[in-house]
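S.K.: Starting off with a structure, shown below.
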Amino acid sequence: MTHVRGRVWRAGKPQEDFEFSAISDYLVEKDTLVWADIYDPDHEALKELAKELGLNDWAVEDAVADAERTKATVYKTHTFFTVYAVTSVDDVDDEDTQSRLTTHRISGFVLPQGLITVRLSPEFDIDSVSTRFDELGGQQYGVGSLVHGLLDVVVDGHFVAVQCLDDAIESIEDDLFADSNPKAGLQRKTFRLRKDLVELRRIVLPMREVVNAIQHRRLDAKTAPELDPLYADLNTVMKKLTSWAAIIAVPTAITGFYGQNVNYPGVQTFGGFVTSSTIILLLVAVLYISFKRRDWL
C-alpha cells in the first residue's frame, strides 16, 4: 500500500497502537473499533487484504476501478459503498473553461467492528474526517458512527458546492441584464456552469439511496439504535440538497438561451428581460412549492 493510516478505539476511547498488519486482530477484539484509510492502494496487496477479511471480490475491483458510480451494496458480512466528495473553487477566470468543482472518490467497506476506506485522490482532506470523528464522538456506538462521520464531511462539501454554483448563477444573471456590461464570454460561462450542475446532480442524486441502504441495513442496527436519528437526519439533508440542486439549475437553463450569439427573440430587449425573469420565477416557484409539499425543503 502506498499510504495507510488508521485509528483504533477500545470501549469508545482512542488508542495509539494502530498497525495495519493487525487489522484482522482488531476486528475480532471485544469492544474494539478500527478505521483504516488506504490511499492509492496496490491492487494485489488490496486483494490479499480482501481475502483475509472476506471482502467481496467485485467490490474490491470497484474500489480501484478508474470510474465508478455513487452506490451502496449490502453483502452478507459487510457493506460496500462509493461516494464522491466535492471541493469548489470560487476564483475561476471567466475566460477559462476550468470547472468550479473537483470531485474525490471514496469507497468504503463497512464491517461489524471496522471501516476501511479506499481513496484514489490525494486531494481529499482525510484529516477532516478524523477530526469529525472526534467532534461527533459516539465511537461507543460502533462502526455506524464512523460511517456517519465520513458521510457528514462529504455532504457538507456538497452544500458548499451548491452555494458556489448558486453564486455563479447570480453572477451570470448580473452580466446578462447589465446595460453597461458586455456579454463576452457569457456562453462559455453558462456552458461550464451547466456541466458543473450536471456533474453535481450525478453525484448528489444517488446519495439518498446510499444513505438509505446504510441506515436500514446496517450490521450494527440492533446494537446501536441510537444512530438511527442521525441517519434519518442525514437522509433529510440529502433530500433538501437534491431539491436545491434542482432549483438552481433553472436559472442556468433559461439564461443560457439568452446568452447565445444568435438573434434569439428578446435578446438585448426589455421584453426579453421580462420574459426570462418571469419564466425563471415561475419555474423556481413551482419547484419550491412542489418540494415543500413533499417536505423536502
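A short reminder: the numbers here are calculations on the coordinates, not readings from a lab. Quick caveat, the model's predicted, so the values are computed rather than measured. All Cβ positions, glycine included, derive from the backbone under ideal geometry; neighbour counts span all protein chains shown.
S.K.: How large is the convex hull of the Cα atoms of segment 96-135 per residue, expressed in Å³ as a whole number?
M.R.: Output value, Cα hull per residue: 94 Å³.
S.K.: Related question: Please identify which residues in segment 102-146 have an amide N closer than 20 Å to a label point set 7 Å out from the Cα of Gln15, following the Cα→Cβ vector.
M.R.: 110-117, 130-131, 133-134, 137-146
S.K.: Of Lys47/Lys195; Lys51/Lys71; Lys13/Lys51, which sit over 32 Å apart, Cα to Cα?
M.R.: Cα-Cα > 32 Å for Lys47/Lys195; rest within.
S.K.: While we're looking at this one, here's another question. For segment 1-93, run through the trypsin sites (Lys or Arg not before Pro) and keep only the ones in DSSP coil with at most 16 other Cβ atoms within 10 Å of their Cβ.
M.R.: On the way: sites: Arg5, Arg7, Arg10, Lys30, Lys47, Lys51, Arg69, Lys71, Lys76; in loops: Lys30, Arg69, Lys76.
Filter output for segment 1-93: Lys30, Arg69, Lys76.
S.K.: What FRET efficiency comes out for Gln140 versus Asp25 if R0 is 25 angstrom and r is the Cβ-Cβ distance? Round to the nearest 0.05. Before the final figure, lay out each step's value.
M.R.: Values: r = 20 Å, r/R0 = 0.81.
For R0 = 25 Å, the calculated efficiency reads 0.80.
S.K.: For segment 19-152, list log₁₀ I(q)/I(0) at each q in 0.19 Å⁻¹, using the Debye formula over Cα point scatterers of equal strength and ignoring solvent, two decimals each.
M.R.: So the normalised log intensities work out to -1.15.
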